[in-house]
1. Any idea how many residues of segment B:24-42 are assigned to a helix (DSSP H, G or I) and in contact (Cβ under 8 Å) with a residue 40 or more places away in the chain?
2. One residue is enough: does segment A:242-251 have a residue meeting the conditions at pLDDT below 95, among the basic types (K, R) and closer than 22 Å to A:A192 by Cβ?
3. Please work out which residue is farthest from the other protein chains (Cβ to nearest Cβ), limiting yourself to segment A:329-344 and to residues that are more than 22 Å from A:V390 (Cβ to Cβ) and surrounded by 24 or more Cβ atoms within 10 Å (Cβ to Cβ).
4. For a quick check of your reading of the model, give me the residue pairs whose first member lies in segment A:58-87 and is charged (D, E, K, R), whose second is surrounded by 22 or more Cβ atoms within 10 Å (Cβ to Cβ) and not in a helix (DSSP H, G or I), with beta-carbon atoms closer than 7 Å and at least 6 apart or on different chains.
5. From A:S377, A:S362, which residue is over 15 Å from C:N300 (Cβ atoms), modelled with pLDDT of 95 or more, within 14 Å of chain C (Cβ to nearest Cβ) and in contact with a helix residue (DSSP H, G or I) (Cβ under 9 Å, 6 or more places away or on another chain)?
6. How many residues are over 15 Å from the mean Cα position of the chain (by Cα) and either surrounded by fewer than 22 Cβ atoms within 10 Å (Cβ to Cβ) or under 29 Å from D:T33 (Cβ atoms) (or both) if we restrict to segment D:92-127?
7. Got a number for residues in segment A:32-56 being within 14 Å of chain C (Cβ to nearest Cβ) and either surrounded by 13 or more Cβ atoms within 10 Å (Cβ to Cβ) or touching a helix residue (DSSP H, G or I) at 6+ places or on another chain (Cβ under 6 Å) (or both)?
8. Within segment A:62-85, does at least one residue satisfy the condition of being closer than 23 Å to A:F244 by Cβ and more than 13 Å from the chain's Cα centre (by Cα)?
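The values are calculated or read from the model by the stated rules, or taken from the named source; none is laboratory data. Every value quoted in this text rests on a predicted model; they were computed, and no experiment measured them. Note that each Cβ is placed from the backbone with ideal geometry, even for glycine, and that neighbours are counted across all protein chains shown.
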Protein chains: 4
Amino acid sequence: MAIDFEIDDEVAALAARTREFVRDVVIPVELETGGSVHDGDESVRRGLQDAAHAAGLLAPQLGREWGGLGLDMRGQSVVFEEAGYSLLGPLALNCSAPDEGNMHLLERIGSPEQQGRWLPELGSGRARSAFAMTEPAPGAGSDPRALRTRARRVEGGWRIDGRKWFITGARGASLFFVMARTSGEPGDAGGATLFLVDGDNPGITVVRDLDTLDVGLFGGHSEVEFRDCVVPDGAVLGEVDRGFEAAQARLAPARLTHCMRWLGLARRAHDIALGYVAQRDAFGDRLANLGMVQQQVADNEIDMAASRALIRHAAWLLDTGRDAGNATSMTKVFVAEAVGRITDRAVQLAGATGTAGDLLLSRYWREVRPFRIYDGSSETHRWAIAKRAVTARRTAGEVA
Amino acid sequence: MAIDFEIDDEVAALAARTREFVRDVVIPVELETGGSVHDGDESVRRGLQDAAHAAGLLAPQLGREWGGLGLDMRGQSVVFEEAGYSLLGPLALNCSAPDEGNMHLLERIGSPEQQGRWLPELGSGRARSAFAMTEPAPGAGSDPRALRTRARRVEGGWRIDGRKWFITGARGASLFFVMARTSGEPGDAGGATLFLVDGDNPGITVVRDLDTLDVGLFGGHSEVEFRDCVVPDGAVLGEVDRGFEAAQARLAPARLTHCMRWLGLARRAHDIALGYVAQRDAFGDRLANLGMVQQQVADNEIDMAASRALIRHAAWLLDTGRDAGNATSMTKVFVAEAVGRITDRAVQLAGATGTAGDLLLSRYWREVRPFRIYDGSSETHRWAIAKRAVTARRTAGEVA
Amino acid sequence: MAIDFEIDDEVAALAARTREFVRDVVIPVELETGGSVHDGDESVRRGLQDAAHAAGLLAPQLGREWGGLGLDMRGQSVVFEEAGYSLLGPLALNCSAPDEGNMHLLERIGSPEQQGRWLPELGSGRARSAFAMTEPAPGAGSDPRALRTRARRVEGGWRIDGRKWFITGARGASLFFVMARTSGEPGDAGGATLFLVDGDNPGITVVRDLDTLDVGLFGGHSEVEFRDCVVPDGAVLGEVDRGFEAAQARLAPARLTHCMRWLGLARRAHDIALGYVAQRDAFGDRLANLGMVQQQVADNEIDMAASRALIRHAAWLLDTGRDAGNATSMTKVFVAEAVGRITDRAVQLAGATGTAGDLLLSRYWREVRPFRIYDGSSETHRWAIAKRAVTARRTAGEVA
Amino acid sequence: MAIDFEIDDEVAALAARTREFVRDVVIPVELETGGSVHDGDESVRRGLQDAAHAAGLLAPQLGREWGGLGLDMRGQSVVFEEAGYSLLGPLALNCSAPDEGNMHLLERIGSPEQQGRWLPELGSGRARSAFAMTEPAPGAGSDPRALRTRARRVEGGWRIDGRKWFITGARGASLFFVMARTSGEPGDAGGATLFLVDGDNPGITVVRDLDTLDVGLFGGHSEVEFRDCVVPDGAVLGEVDRGFEAAQARLAPARLTHCMRWLGLARRAHDIALGYVAQRDAFGDRLANLGMVQQQVADNEIDMAASRALIRHAAWLLDTGRDAGNATSMTKVFVAEAVGRITDRAVQLAGATGTAGDLLLSRYWREVRPFRIYDGSSETHRWAIAKRAVTARRTAGEVA
């Protein structure tokens, strides 16, 4: 088998249908709403997901046995980019964060009971879920070991107490994935456990909604308190004290699917900017003919090409069961910074118009900014990449 | 006289008082309002300006004969940076865009009647003004020669017809400075005239408000239509057909005062981020001790130092009557990009917190973005700088 | 067939042998010579190529019928990176510029006679060749249409007159590929023809050797004069007046193989720097543990990963007969700039030592610099990429 | 006293004469020698310095009582930039590293005997000096505290033993400034002493010359061994065990004068590139009219303006006795990186020609590269800048 970038016919067809669907169905809703769904308007979500269901496009990443389309990561890399071409595309296809990653995690390490109860609900969009890991300072942030939320043994189960924030889609979620410390102290490398908690558990309180730069994730980001939140033994996802390892199974693919979706949005921004410079004149020439414009256009093209190539390589590693931690880290850093550059250039190319709401460019520019921070900041990933590089060099021995 | 960076005692004292005033009076209002005044809430403006008046800080740039403090550009460079430390500081001191530049223009080229009528009103903050130059495509934008708004001779005056947008503070303005073509065709290098138009002229309609990235300029940015807008002969500011030259008298200093104010805001963002990294731990160390954090901190410091040095040099050129066009262009490009970098690093340094509204970092990051576009985009200024450099080289003759 | 990054077993084995060969045979020679072969010392070349021949590694890119190993571009992308790990690796394997590209061109468009005469000679290293296209100002440079060298019809053939420079390996070459204008005038888009000229043709004079930044290409770069250089009709390579099209068949793969080799050299620089920071202490810690060091290490890793992914994608396009012009342009720009950054960071990581000759870092840093200029400058490629992007956008129609 | 960028008439006149001298006398020698004086050809040095002496331009920085022109740092900032316009200008004016900084140090902390013996010799160019601080790993490098060279008490003086490298101008130097540890252990913050050692001391051996990127400093950089190097008590410069403090008195101004000279060279590179793009055509237009060319030209102009403004500010701080450590660090980082960018763009602007020796661009590009490493690497300075910023923030208290 040789290096190959050919896309399966089936995947290509699905991507083409996704592209049409986004153009014909999703973008009109995006333009109407400004792509803003952080207030969690269920009618918007239902409308989009019903249409995607009718088009046979719902949950492309989910296993067929759970009602999805069964794409592997490589297939997702093609289709998610098309979905991401609108801020609301991933929501429409039900392959948006955090549900997409949560379903993936359930498929990977959930018990048959957990899978049977939740995957059909989540896959169909009847239920939504949240992933509750990040904590306010001095809790778990870039450094997950700082985890402070506690789960203590109680009769027949566990009692969870702690505070989380930046919990996407918390308001209205039917299911929470909660990371809590079951042993050790903040700063220890292990001792975490993942729990599945029903959204209507009285121990859960959404304290407030955060006013973040991005507004395109359904329900926005909230601060959530867990107090006397009692769950049964069956709520443990994976194994007790192995929560960080379980989260790893989610994080590497989740950061990659983010890259896929954001690449789609960056392409959209670029296309809008291209449309602008292809029509506007200044200084006696078409903008598209000016060298400083061409430089930005070309840099966008190059950034997209490199992003796509890195994504596909990492997807292949994951699909074939290889160690993809380093590749997804490198891809995440590159793509997060590339989509920042691309949307920034797109704003610049469209001039004053790019800063106003008439085009969605400034919205996209804002929307992708947090990606350099969440799912591991660029600094955290660079630190991990460097550590691995030095270790690998030491192992490899001398260089002349 | 030798190179000297000493600050006059009087200016230093004024800067110190401004710093205190901003800290004690302005920042509390900024935190309450989120720095958002694009809806033009007059009670906020009045409250701040009354306080500044009481503190003897109002209109530091305006001539003493008109009720201001009479600072030259060098003095402004010191005081405006302090004012800019809060998004609302310049509004409070009545040295914000567009009024500050408009007053400057009136002082420079207004007739005694025009000055007498408007400067006391504007200087005291009883009236506000707008500068109406930019037009929707294919009108005047980066390239002012594309000007399409027309002023035609009528009995005893002129009739202005055209459409403008990105007109800051248009809603509620008592006075409009309107650039209109009095001869020639769009694309011609001359033929423009500046008019002073009363805000209650029935020929002015604020068509809509633009939803821009920035929200810190009072009244925001609007689209304005001039239709059958008749003004008397005395409305001409400066000379007929010499409007572009008149605007130049405004533009060079106006872009420099923008730099001063934004430098102040960048310093604020940096200080907030410094406060964050000095208190938060991760990976077993204080954030402020991590090398990748230190790099960003140092780069912010360097960017601020270079910005300040460039600003002061350009201010000196203006104060001493030298040709400052190239220096203000270079300063504008550098500072606009530097404050973008500084606020971006500040967001990054504060991690997830930096992307949320709890700190004002993401607000500042958004707020400074358009500055790379307005008052001449970075590309337009670079083009002009390069042209001058090549011409100068040709004049200088051969290099070995 | 799905996206696949698997490397053929055969190619992987060849790459492994190349890696060993470079480590055991080539690098010792590189250290001895400082990688400097621009003086064209044939004993060095012969020694290396004889060893490669003995190891079964000679001419990996050449068709098996001509004595090579028959790798396609994807296979080359793997093996050339290993060869490039030493400045002298490509010379040793006889896959260095310009011979590698020249053989490729002969295989693509040479007549059976031309192939039979030259490919065994070149493939075995018995002969070397040069590609004479670039001319001193105001001739063909970034813009090939400026071509001034003329070939005029004479009895039974052509007479070539003109001046070329930056002709790599001209001194001692047995064969010149010469681009000359057979119709039209400088500035015209067509009218060029490629000729094969024997190195001992009395009409060829190597005028002088250029003192360039790079010293790792055999024989260096020379200025060459063609005067009354008469060749027979059979010297035409491809078709008369279709020389630019013929050159295109060479240029896209040639710029890609450059990328492959330079990526190898960048990896070498990175490995040397890694070895340095893994062993040196400063400020009470190992250099490799300092954040600003880790950032540079990580950025090198990311730059290499993105370069490799882009190269393999473009190689796949070429292998499968797709249009690869844009992909090779984007790859060339990215890789040329990436290897510049990587070698620059490597120098910086090794501190003062990096600037001295004890390590080869500063040599590599110098060596890759011209790659941002030759084979189409970054600016020229960006211009072409932007033109294609705008055209494609116009074709695709409206974006919301 | 207000902010002022006016240049004293006297300084301006001296700068103008320096400019002419460099153009008429120095550049011809530079073109002949390629600016390469690392082999220490005394006839070149003598010729240039005799001419400068005749022109009344020798040792502009040295006190008048020692035969110099007595410029303060601000005056030097103007004149040194002019001198630096040729690689050999500073050598000609005897204001090159390391002599310029060494004379400065002697003026600052030398005893009357030391000054009287050496300053007339050094100032007139009859003698040259070297500064021996940096050591091979694991000795003093970025981190001076790692100092390993020892000076032990002997009868009537000290015996110095140790190894130094990157000692500029060591070969042929009449005087060495040697930093040696007189107490404590490597890693300790204090315990260093500076000694003046005659060049003919038998305890000094120049072991080898380093093959560095730069070739423009007279005599190049050598590795030097001190063995049984006995000096009298009077050889101590400043106080015993206070050598690091003494070195600081040299380092801050010395790094600033480097900036001044390199800014001059960057300006030269820029001028050469400007001359090139103003004369060459491509793609049917003058290069100077292409947007991507203009961008690089403008960025060079901006980088030079910011460098100059930072330098003058730091010079003023030093002249007025203020703490300039942070300002010179920031200036050094900015200017070192700026001149790297400027020379890199200049090479790019001149295309293939820029990589060859016909112009001196590639020489300048190489020459300035080590400046990001020596006199404190960019990383070391950034670390120091960040530490100060965090400390200052902590002192200043809360920010809203």
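1. Looking only at that region, the number is 8.
2. Yes, there is a match, as at least one residue in segment A:242-251 is at pLDDT below 95, among the basic types (K, R) and closer than 22 Å to A:A192 by Cβ.
3. A:V339
4. Listed by first residue and then by second, the contacts come to A:R74/C:I3.
5. After applying the criteria, what remains is A:S377.
6. Residues that pass the stated criteria total 21.
7. The qualifying residues number 3.
8. Among the residues of segment A:62-85, at least one is closer than 23 Å to A:F244 by Cβ and more than 13 Å from the chain's Cα centre (by Cα), which makes the answer yes.
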